[in-house]
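Have a look at the structure below, then the notes.
The values are calculated or read from the model by the stated rules, or taken from the named source; none is laboratory data. It should be emphasised that the depicted structure is a prediction, and the values quoted were computed from it without experimental measurement. Glycine also receives a Cβ, built like all others from the backbone with ideal geometry; neighbour counts cover every protein chain displayed. For the accessible areas, the whole protein counts, side chains as well, though only heavy atoms, and no ligand, DNA or RNA atoms are used. Shrake-Rupley method; radii C 1.70, N 1.55, O 1.52, S 1.80 Å.
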There are 4 protein chains.
Amino acid sequence: MHVQAVKSRHLQGQPQREATTTLSRFEGIWAALLTPFAEDGEVQLQMVGSLVAATRAQGLAGVYVGGTTGEGVHLSEAERMGLLEAVMAAAKDTKVMVHVGAANPLESRRLAQHAEKVGARAIASIVPFVGGYTEGEVTAYYEGLAGATALPLFVYYMPRVTGSAGWSRQFLERLLRIPQVKGIKYTHADLHVLRELVCEGHVVMYGQDEMLCAGLLMGACGAIGSTYQLLGREAIALYQACRAGNMAEMLRQQDRINDFLRVALEMPYLQALKYVLSLKGLAMGTCRFPRQTLSAAQQERLREVSTRLGLV
Amino acid sequence: MHVQAVKSRHLQGQPQREATTTLSRFEGIWAALLTPFAEDGEVQLQMVGSLVAATRAQGLAGVYVGGTTGEGVHLSEAERMGLLEAVMAAAKDTKVMVHVGAANPLESRRLAQHAEKVGARAIASIVPFVGGYTEGEVTAYYEGLAGATALPLFVYYMPRVTGSAGWSRQFLERLLRIPQVKGIKYTHADLHVLRELVCEGHVVMYGQDEMLCAGLLMGACGAIGSTYQLLGREAIALYQACRAGNMAEMLRQQDRINDFLRVALEMPYLQALKYVLSLKGLAMGTCRFPRQTLSAAQQERLREVSTRLGLV
Amino acid sequence: MHVQAVKSRHLQGQPQREATTTLSRFEGIWAALLTPFAEDGEVQLQMVGSLVAATRAQGLAGVYVGGTTGEGVHLSEAERMGLLEAVMAAAKDTKVMVHVGAANPLESRRLAQHAEKVGARAIASIVPFVGGYTEGEVTAYYEGLAGATALPLFVYYMPRVTGSAGWSRQFLERLLRIPQVKGIKYTHADLHVLRELVCEGHVVMYGQDEMLCAGLLMGACGAIGSTYQLLGREAIALYQACRAGNMAEMLRQQDRINDFLRVALEMPYLQALKYVLSLKGLAMGTCRFPRQTLSAAQQERLREVSTRLGLV
Amino acid sequence: MHVQAVKSRHLQGQPQREATTTLSRFEGIWAALLTPFAEDGEVQLQMVGSLVAATRAQGLAGVYVGGTTGEGVHLSEAERMGLLEAVMAAAKDTKVMVHVGAANPLESRRLAQHAEKVGARAIASIVPFVGGYTEGEVTAYYEGLAGATALPLFVYYMPRVTGSAGWSRQFLERLLRIPQVKGIKYTHADLHVLRELVCEGHVVMYGQDEMLCAGLLMGACGAIGSTYQLLGREAIALYQACRAGNMAEMLRQQDRINDFLRVALEMPYLQALKYVLSLKGLAMGTCRFPRQTLSAAQQERLREVSTRLGLV
């Protein structure tokens, strides 16, 4: 039934009025939130409110806190909790999913429990990204994390960062069958596996911003990406064009997003996003040590493309 | 102008009546042709005519001879020439592109000259796939091959087979700027790079059958794949649905193709395709030594899915 | 003496009379220390003294705390500090090097400062193992860490864990030229690069226990490895045989070590080491969640090989 | 018995007078022979005699024809046969092992049969290096090749070229248990697996010239490498020092070899070897298209190091 619902929605290319709570919560365009830092390298909590407000102003459906974009794994446990609390204070009706993956699996559990306490809608976790865990251990990890709270849990699948060649479809499905695992944040170019997961009825949020339209075509319910903090309007238009079955419009919006990424991906990426936000008046600082800063030439190129695209 | 033509076609999601000779020749759905073998392991040339006829009967635009699917690099130079001649004898108005890549770059040149002599429309080549060539050497290779005939040359990009992590977009563009290089057979999941090439005005034939609809959405002119030998009708319907801007139909056809691949990719793939063709009365034999044969259970699963999908 | 000979020959082709304190301190066989856990998953600090004493009883030159073997990156900052303090309390004249690498680079700095405060001899760090840092950022990381204390700093090079294909010799030398970087813990099979580093005068502690004799032959000053906690006597005999130029004895000891590893590497490795220590009366518990436990059959095989080799 | 013989030789670090035919044939230092080319890109057969004579003059035990160094897979079947015949005509008592691996497995069989006909001592083959063969297919390949002649067959293991991450020890042992497979040319840095194979009684010829002394220490019977064509004297001295248990001399010779490699590995390597041979009066030409030539600066650096080391 659930599978049918998902499949039919995509096969027919039109919105449905499903009662599925899960789907109604995890769809649309979410921003993977950057984390602002002060000059001294500490998290700048007082900037978080403006950042969340700017996200909401673009009409995004939710925010993803403390992921790769948010430098979550490079923060201390206390910093991560403080960051989430600052986000919650500003979130209002913006949905909040928080990434709790950490090198220390017990820290992940504590972060999950904290997320539940402060009212986040969902948690997500990459597998502990160092240690060479076996598939059995990875499964045990997600089972343990799922049992730690009543929150929906998303598997955060990003083989480029976790350094593996990628898990098999079969293994991903095994993880997605853990009762409290409600979906997957899928950041990978292999859309065949994505489609297979969708056809099995799983909720997939897509994570490759530069291929967003292809991910949505193949059945992702929505997307979570860093780029949408800046190009939220384009991503939302793309998402709506997909719902409306308008491929030409999807591509037109994708090309706008990629016009920006063509410049930003040639340089340190998170720093590039932060710089453009600072041009919009949101002082994001740099990134956590030892991340390096942009050159003047890189800043100039970002100013040029952002102006051309009307981002600032 | 050229760039505009390509981009606009995709941006507007509708067919155009371009005068571009290149585009008019390399688009639509092409079959990557299997090579039939006799019991003794020799190429079975007398089967080639029926195979090409069956391809034409499905309405496919062209055939790709001696690629990965056709076990081209595992054949001798004489076998490759004999195979191409048998295809040409049966091809009529079906377009023929022949893969000439070989471990010996001089063999590639000779195969290219033979292709021109017997009237093929185009040649393609993977880079010599063993030897650890530098980017400068790869460039010299394609320049040399381009200069050996007057035929259009396609770069055959398939990092999974050539064992590299993939070339950069910049390097692919450098190859595509060689005057006689007219396009790329792009067999890779990274649709961002594909889109960048399309936006630069390059002709891209897509090669990941299981993601065909996403490749076409992102701007590929057409596709070359082994699966289309069996599911040509589905692929053509998908291609036409893309031209017509009908995403739901695209996905419906993709899901039919993937229903087959879900079974076939779990076993030795080329042998699976050959087995299904043999069920249709086209005795393809097995594959070249030391490829192994299918088990009875695998054959049974193929019979079941092929019957269910109406392929046999 | 041996070390002296190697360095001087390469640096100037003639003997030198250095009183290099560094060399006198970082040589010989060191144990990469396991971390004991209690049933509830917490670090069992009261076991640490016995473990260090057992190490000292074998005659090992030093201990390496909180590395891969010690599950350091899976512990909290407070646990890592507590662990080091427990080691220091038991260490007496055993030298102590502590691994301070962490996903959060600021945690690494604090751990380094703590190490200095409690009297460790040296610190080591893998590069922050998640985040895709550039070479410039990795360099900045080690420079920053080197500046945080007056302790000698070792680069911990273990490409298998950090997921990279390995850094170039040139980059490793760049890191080793940072003034306070006094050596490298080299855990990699490529002994050509190791030899090049030795020929440049760098202090190399080898980390592939199963190839120890080859690493020492190629010029490593010593070795740091998990296996030596159990087979310290063999490793010391191997080291002394190298000093004495006795290759047959080196191999004989290596083969004893590998007789053990042939069994232990077929199963979860850290759990295997802990199990054998428990057979010797050192109750080490299991590993941090979600590491899995050994089967009865695996335990039986470990009992058999340990008895045969006289380890228990 | 056989195992004992091998093990004891290494454990005792001294030569033995074994009757083992296999060992008496496949040991010592062999040169992986370069292939000379004329200006027009064709194989220069008339140079082969001088090249083999120069090899013999250095006292090398054998030559390895048509491997990676000899650009074997880039030659046509006829060229490979012609090359071998030219080598045989000049070989006298120099042992000849010929590499028969090819993209076309039937070509490998024919090359094997030709090798037997013209009197080579042994054949070797990498697995067909393109095609993604399964372990079962690789096994079938070696079984088929072993059955094609009565010659001893060596597995040529070089994961860097075949693009795999390496086969397991268990799989290599399975191949080495095929009756006619008499040994392995092991070109890989992992000396643990090498040692395991030696301990099982297998004949291992080592292929990483820059780590030769470590490979011999760990039990390789001998070595096959391109470098030894130029630095045969050093390699033989190293080999004899290993037999005599003289580690300091082993390292001294290794360092001489590596002094050369430090320069040669920074540039196109085969071209560098050919250039130095040409300085010695052996006009080797360049490499097969599309290999590129050396710059004047690279040639100058080679002249300098070759003069300094007394090679020319």
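For this structure, a couple of remarks:
- A 1.4 Å probe run over the protein assembly as shown, with the rest of the protein chains in place, finds 34 Å² accessible per residue.
- Local net charge near residue C:169, Cβ-Cβ under 12 Å (Lys/Arg +1, Asp/Glu -1): -3
- Reduced Cα scattering model of chain D, Debye log10 I(q)/I(0), q = 0.10, 0.16 Å⁻¹: -0.52, -1.42
- Position residue C:283, label points 7 Å along Cα→Cβ, spacing to each other copy in nm (shortest first, one decimal): 5.7, 7.4, 8.2
- Residues with amide H under 5 Å from that of residue A:223, placed H, sequence gap 5 or more: A:28, A:29, A:30, A:206
- DSSP assigns beta bridges within chain C; of those with both partners inside it, close to 5 percent run antiparallel.
- Straight-distance crosslink candidates among aspartates and glutamates, where the alpha carbon sits under 20 Å from residue D:92 and sequence neighbours closer than 8 are dropped: D:27, D:116
- Integer Hz, Karplus 6.51/-1.76/1.60 couplings in order for the stretch C:265-274, x for Gly and Pro: 6, 7, 9, x, 6, 5, 4, 5, 4, 5
- Looking at the protein assembly as shown alone, DSSP beta bridges between its own residues are antiparallel in about 5 percent of cases.
- Pairs exceeding a 32 Å alpha-carbon distance, out of B:117/D:274; A:185/C:274; A:185/A:280; B:117/B:274; A:182/B:274: B:117/D:274; A:185/C:274; A:182/B:274.
- Hydrodynamic radius by Kirkwood, which averages 1/r over all alpha carbon pairs of the stretch B:190-302, in angstrom: 15.3 Å
- Toward the positive end of the charge dipole of chain C, with +1 on the Cβ of Lys and Arg and -1 on the Cβ of Asp and Glu, the farthest Cα among C:84, C:148, C:309 is that of C:309.
- The GluC sites (Glu not before Pro) found in the stretch A:210-312 that occupy coil by DSSP, while having at most 12 further C-beta atoms within 10 Å, are A:266.
- Averaging 1/r over every pair of different alpha carbons in the protein assembly as shown and inverting the result gives a Kirkwood radius of 32.9 Å.
- Charge tally in the Cβ shell below 13 Å around residue A:125, where Lys, Arg are +1 and Asp, Glu are -1, residue A:125 excluded: +3
- In the stretch A:74-168, the trypsin sites (Lys or Arg not before Pro) that fall in loop regions by DSSP, at most 15 other Cβ within 10 Å: A:92
- J(HN,Hα) series, the stretch A:285-291, from Karplus relation 6.51 cos²θ - 1.76 cosθ + 1.60, nearest Hz, glycine and proline x: x, 9, 10, 4, 2, x, 4
- Distances from residue D:310 to itself in the other copies, using label points 7 Å out along the Cα-Cβ axis, amount to 4.7, 7.8, 8.3 nm in increasing order.
- The phi-based Karplus calculation (6.51 cos²θ - 1.76 cosθ + 1.60; θ = phi - 60°) puts the 3J(HN,Hα) values of the stretch A:201-215 at x, 7, 7, 10, 9, 8, x, 9, 4, 6, 10, 3, 5, 6, x Hz, whole numbers, x for Gly and Pro.
- The modelled label-to-label distance between residue B:117 and residue A:243, using points 7 Å beyond Cα along the C-beta direction, is 6.3 nm.
- Peptide-level mean, for B:260-266, of C-beta atoms on other protein chains within 10 Å: 1
- The relative contact order of chain D comes to 20 percent, based on Cα pairs under 8 Å that sit 6 or more residues apart.
- Built amide H within the under 5 Å cut-off of residue B:98, gap 5+: B:65, B:122, B:123, B:124
- Global geometry of the stretch B:217-258, whether rounded, prolate or oblate, following the gyration tensor of its Cα atoms and the 1.5 cut on a/c: oblate
- Calculated [222 nm] ellipticity per residue, helices only, for chain B: -14000 deg cm²/dmol; basis is -39500 (n - 2.57) per DSSP H run with n ≥ 4, divided by all residues, nearest 500.
- Signed unit charges on C-beta, dipole axis of chain D, positive-most listed residue D:55, D:287, D:44: D:55
- Position residue B:171: other-copy label points at 1.6, 2.5, 2.7 nm, ordered by increasing distance, label point 7 Å along Cα→C-beta.
- For residue A:58, net neighbour charge (Lys/Arg +1, Asp/Glu -1) across residues whose Cβ lies under 12 Å away: +2
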